[in-house]
Amino acid sequence: MTKYIFVTGGVVSSLGKGLTSAAIGWMLERMGLRISMQKLDPYINVDPGTMSPFQHGEVYVTDDGTETDLDLGHYERFTHAILTKDSNYTTGKIYRTVIQKERRGDYLGRTVQVIPHITDEIKSAIHKGATGTPDVAITEIGGTVGDIESLPFLEAIRQFSLEVGHENCLFIHLTLLPYLRASGEMKTKPTQQSVGKLREIGIQPNILICRTEQPMTEEMAAKISLFCNVPKQAVVEERDVDFSIYEVPMNLMKAKLHTQILTRLGLEARQEPNVDDWLEMLDRVKNPRQTIEIAVAGKYIELHDAYKSIYESLEHAGNHFAARVELRKVSAEQVAGEGPDELLGGIDGMVVPGGFGERGFEGKIAAIHYARSRGIPFLGICYGMQAAVVEYARNVLGITDAITSEYGTDAANPVISLMEEQKAVSDLGGTMRLGAFDCRLQDGTRAQRAYGTTMISERHRHRYEFNNAYRSRLQEAGLVLSGINPKLDLVEIVEVPDHPWFVGVQFHPEFKTRPLKPHPLFRDFIAAAMKRGAQRT
Ligand code: GLN
């Protein structure tokens, strides 16, 4: 029988609920339990696919092609939970289903209301999220307790626990203990009020995880326990980490969160948690043997969350070699304006990430030209790969007006163009080429050497493609097309052979990396950057 954990957040947003939920999943798996992970998002967009990265950060894509919240990236990086379209529901997605049912007449003439119809739909989503009858299904509720829009979700999980039995559900509330520098103390009042809000709805949290800057004292825990009606040993500290987010699960384990969870759910560990590999990884993080500087030249560099998975992938690959990766976030637009020399001088490697639209595209081309002509290890992802093809067509093949048709629809030389099936698409939401596709690698290429296999599967999110009309000319000019989609005959990977490491991929390798198993392309890219770094110093 499946047990359920609900993670809510209080006091402020951006507390790291996603990370904490993922860390909970991690510790349960380490004890031999099978888990599922899900996020419920109270906003009205059906999915984050149409939201600007500035609004929402990265859109994370699952194998089945669902565009989801970036917290699902944490879930996949920390756990083995299988994520699908049932792993992320928004208010919009819930309401859409209810309204479709209403239009079909499924409600048999009844008035359709938030309670019970919306809450029923949310409960059904929670059941669907618990795929494969795991031992524990973890559901994170987005937003902050007290928001108007989270109310139906909180009401639904209250009802849910009544239906599956209180002994089978655990409410974990993540909260903040702000530190007031002036008076030198940590404050518990916001936590008390946030728990008060939950209790108003009828939810008594079982465990409180308290984000702190400073150590939480025994007295503090006792006070929170008394005011919030939570046993003292279930008031758990989650202090800010020094080096890496991958310290979080270890710290929570040290604070005995895992035993609290097991006791309260009446579960037993199937094995002693073995964390040696994780500790070794953290040891490499804390004791790097080399530092390299990687430029990420993109459009959304002001917001760290916009390229979350890429930054994580770089960190994983660096950790693998005990190399510290310093990020140099470079605005592509600025490169176009000021030229690359100043902005990109002294780097050991360059990533040009995905993106959309005209702004910054010429800057990406200039940055890529800089990396290609100076032998700087380069990894281009999605729009970054498309820009690399344009750059090659212009500067090597001599098609000076080469462009992507995303930029100019009536261009003479669209070396990147809209896929046939995309031409009729009018809605923007959920209509790109999405999810996992196979790709065949050509022997002897960098890509093939990195993966060590011939057939791979990677995740996509784009409308435009390498235009096959230019394939042979680009190949004759020396561009290696090292990965091809066998079914659709689409170019998925390009490489420049007479270069230390230059690879562009149409897919998003950053969605399939793990802290203990970096993605092969990121791994080899970082290895090449380390080589350059060592030569440079
Ligand atoms: N804008 C490009 C396209 O739609 C690339 C998308 C991306 O980088 N994710 O094809």
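The values are calculated or read from the model by the stated rules, or taken from the named source; none is laboratory data. From a predicted model like this one, the values you see are computed outputs, not experimental measurements. Virtual Cβ from ideal backbone geometry, glycine too; neighbours counted across all protein chains shown. The area values use the complete protein model at the heavy-atom level, side chains included, leaving out ligands, DNA and RNA. Shrake-Rupley method; radii C 1.70, N 1.55, O 1.52, S 1.80 Å.
Of all residues in the stretch 458-477, exactly one satisfies the criterion of being open to solvent by less than 40 Å² (accessible area, probe 1.4 Å), more than 15 Å from the ligand (Cβ to nearest atom) and either hydroxyl-bearing (Ser, Thr, Tyr) or farther than 20 Å from residue 501 by Cα (or both), namely 470. Filter the stretch 275-287 down to the residues that are within 25 Å of the chain's Cα centre (by Cα) and more than 19 Å from residue 23 (Cβ to Cβ) and list them by number. Hit for the stretch 275-287 is 284, nothing else. When we screen 357, 375, 380, 384 for residues that are under 26 Å from residue 61 (Cα atoms) and part of a loop (DSSP other than H, G, I, E, B), the only hit is 357.
One line per residue, one yes/no per condition, for (1) assigned to a strand (DSSP E or B); (2) within 16 Å of the ligand (Cβ to nearest atom); (3) farther than 16 Å from residue 464 by Cβ; (4) not aromatic (Phe, Trp, Tyr):
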{"residue": "292", "(1), (2), (3), (4)": "yes, no, yes, yes"}
{"residue": "309", "(1), (2), (3), (4)": "no, yes, yes, yes"}
{"residue": "371", "(1), (2), (3), (4)": "no, no, yes, yes"}
{"residue": "388", "(1), (2), (3), (4)": "no, yes, no, yes"}
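Within the stretch 189-205, the set of residues being buried (at least 22 other Cβ atoms within 10 Å of the Cβ) and either out of contact with any Ser or Thr (no Cβ under 8 Å at 6 or more places or on another chain) or outside any helix (DSSP H, G or I) (or both) comprises 205 only. Can you tell me how many residues within the stretch 431-457 are surrounded by fewer than 18 Cβ atoms within 10 Å (Cβ to Cβ), among the hydroxyl-bearing types (Ser, Thr, Tyr) and modelled with pLDDT of 95 or more? The number of residues fulfilling the criteria is 3. Of everything listed in (1) on the phi < 0 side of the Ramachandran plot; (2) away from the ligand (no atom under 16 Å from the Cβ), the single unmet condition for residue 488 is (2). Taking the stated definitions as given, is residue 330 within 15 Å of the ligand (Cβ to nearest atom), open to solvent by less than 10 Å² (accessible area, probe 1.4 Å) and part of a strand (DSSP E or B)? When the stated conditions are applied, residue 330 does not pass them. Restricting attention to the stretch 177-196, the residues that are closer than 22 Å to residue 119 by Cα and modelled with pLDDT under 95 add up to 0. Do the conditions hold for residue 355, that is, is it modelled with pLDDT under 95 and not aliphatic (A, V, I, L, M)? Yes, satisfied. Being open to solvent by 10 Å² or more (accessible area, probe 1.4 Å) and either assigned to a strand (DSSP E or B) or closer than 30 Å to residue 96 by Cβ (or both), is that true of even one residue in the stretch 407-414? Yes. Just one of the listed residues (176, 170) is touching a strand residue (DSSP E or B) at 6+ places or on another chain (Cβ under 7 Å), touching a residue at least 60 places away in the same chain (Cβ under 8 Å) and open to solvent by 10 Å² or more (accessible area, probe 1.4 Å), namely 176. Within the stretch 1-50, the set of residues being within 20 Å of residue 169 (Cβ to Cβ), polar (S, T, N, Q) and more than 17 Å from the chain's Cα centre (by Cα) comprises 2, 8.
Restricting the stretch 376-386 to residues that are surrounded by 24 or more Cβ atoms within 10 Å (Cβ to Cβ) and within 12 Å of the ligand (Cβ to nearest atom) leaves a set whose member that is farthest from residue 463 (Cα to Cα) is 380. The requirement of being of a type in the set (Asp, Glu) and away from the ligand (no atom under 16 Å from the Cβ) is fulfilled nowhere in the stretch 416-437; no residue meets it.
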